[in-house]
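Down below is the structure, laid out as structure tokens.
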Amino acid sequence: MAKIPGGQSNPTFFVSYDNRRLVLRKRPANALPSAHAVDREFRVMRALRGSAVPVPDVLLYHEGDDIIGSAFYVMERLEGRVFSDCSLPGVAPHERRAMFMAMADTLADLHRVDWNAVGLGDYGKPGNYFQRQIARWSRQWELSKRRDMPELTRLLAWLPANLPDGDVTAISHGDFRIGNLMFHPTEPRVVGVLDWELSTLGHPLADLAYSALAWRLLPTEYMGMRGADLAALGIPTESEYLQRYYERMGGGDRVQPFHYAFALFRLAVIFEGIAARAQSGQASSANAAEVGELSVDFARRAIEAIEAA
């Protein structure tokens with residue numbers, strides 16, 4: 001068994017036998033309440049198997065801590081390419097464009113799944129998604145905060161006062177980005193959507209805005225490509241990416257500054273939690289303390305999105 005490097009959340013391992021290659025994901029020890037829900041990851045991937053959304057085959061879930069010290073599940077190992085750098089190094093420009101468009105298509109396919117029909121009617125609470133999520137991440141902030149952050153304090157007041165009209169429910173991945181997609185070994189198509197820890201029934205525009213943060217964050221800010229020569233790289237603009245999603249969805253509401261601010265607010269709280277775990281010696285990644293400091297940057301980007309509206 002070998003630990004897969006990278007990632008800040010549920011520790012993940014390759015488990016290899018002579019005739020089979022598997023992946024094990026476990027809940028970290030001493031995790032915060034309601035966080036690191038590997039049982040939910042297992043459930044949503046099992047429900048989506050056979051849908052238009054490509055997911056690994058999940059094999060078993062073990063709830064107790066008697067075997068490896070915490071709950072875990074096992075799934076088949078997919079073969080393909082995963083990119084931590086959203087500029088997709090080593091890929092031809094025309095393929096980069098096709099891969100980002102495949103990302104938009106895959107997200108739309110997820111949001112078009114009938115969540116009741118696949119057995120996920122109780123996977124979350126339909127309606128009032130942003131209200132409930134703002135409350136949830138505000139509580140999480142109180143649990144993990146290590147310092148005062150004026151930018152986050154401002155967001156905590158602004159977000160609930162600026163909720164957009166309308167409500168739609170879909171299966172929400174919660175962390176939909178290039179780094180959580182596996183592409184075919186040689187073709188520009190998605191063969192697996194990974195890391196479903198934050199999935200729930202939610203608003204599709206939360207996923208869409210989050211997936212578009214790459215255009216708004218710097219390369220040093222976790223998953224960004226802001227400032228890159230997108231035309232030379234063959235990467236579509238943010239507008240082109242969003243339009244592809246809207247076309248695949250057949251219309252619907254468009255993302256607003258609120259959705260970007262919410263996505264960045266949540267990311268700031270998550271990264272503050274990473275730093276808190278690093279401080280207590282419970283981090284899943286060697287550079288957790290360093291990346292945890294990005295929480296301030298994300299909060300500032302959220303304020304930037306609000307003020308640019």
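Brief remarks follow.
- Filter result for Leu110 (at pLDDT below 95, in the same structural domain as Arg266 (by TED's automatic domain parsing) and assigned to a helix (DSSP H, G or I)): no
- Exactly one residue out of Ala212, Ala261, Ala206, Ala228 is surrounded by fewer than 19 Cβ atoms within 10 Å (Cβ to Cβ) and of a type outside the set (Asp, Glu): that is Ala228.
- Those residues of region 148-192 which are in contact (Cβ under 8 Å) with a residue 12 or more places away in the chain and of a type in the set (Asp, Glu), in sequence order: Glu151, Asp167, Asp175
Yes/no matrix, rows are residues, columns are (1) in a loop (DSSP other than H, G, I, E, B); (2) on the phi < 0 side of the Ramachandran plot; (3) in contact with a strand residue (DSSP E or B) (Cβ under 8 Å, 6 or more places away or on another chain); (4) at pLDDT below 95:
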| site | (1), (2), (3), (4) |
| --- | --- |
| Pro5 | yes, yes, no, yes |
| Asn10 | yes, yes, yes, yes |
| Leu22 | no, yes, yes, no |
| Pro28 | yes, yes, no, yes |
| Pro56 | yes, yes, yes, no |
| Leu59 | no, yes, yes, no |
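- Every condition in (1) in contact with a Gly (Cβ under 9 Å, 6 or more places away or on another chain); (2) closer than 17 Å to Arg97 by Cα is met by Glu240 except one, and the failing one is (1).
- The set of residues in region 73-94 being small (Gly, Ala, Ser) and free of Cβ contacts under 8 Å to residues at least 24 places away in the same chain consists of Gly90 alone.
- Candidate set from region 100-122 (those that are over 17 Å from the mean Cα position of the chain (by Cα) and in contact (Cβ under 8 Å) with a residue 12 or more places away in the chain); member that is farthest from Tyr245 (Cα to Cα): Gly119
- Top-ranked residue in region 203-250 [being among the charged types (D, E, K, R) and in contact with a Pro (Cβ under 9 Å, 6 or more places away or on another chain); ranked as farthest from Ile134 (Cα to Cα)]: Arg244
- Residue within region 128-140 that is within 30 Å of Pro188 (Cβ to Cβ) and either among the basic types (Lys, Arg) or outside the structural domain of Pro236 (by TED's automatic domain parsing) (or both) present: no
- Checked against (1) surrounded by fewer than 20 Cβ atoms within 10 Å (Cβ to Cβ); (2) in contact with a helix residue (DSSP H, G or I) (Cβ under 8 Å, 6 or more places away or on another chain), Val191 passes all but condition (2).
- Flag for Arg189 being under 22 Å from the mean Cα position of the chain (by Cα) and over 27 Å from Pro126 (Cα atoms): yes
- Residue match in region 115-126 (condition: surrounded by fewer than 14 Cβ atoms within 10 Å (Cβ to Cβ), assigned by TED's automatic domain parsing to the domain that holds Ser211, closer than 30 Å to Asp165 by Cβ and at pLDDT below 95): yes
The values are calculated or read from the model by the stated rules, or taken from the named source; none is laboratory data. Quick caveat: nothing in here was measured; it's all calculated off a predicted structure. Using ideal geometry, Cβ is built from the backbone for each residue, glycine included, and neighbour counts are taken over all protein chains shown.
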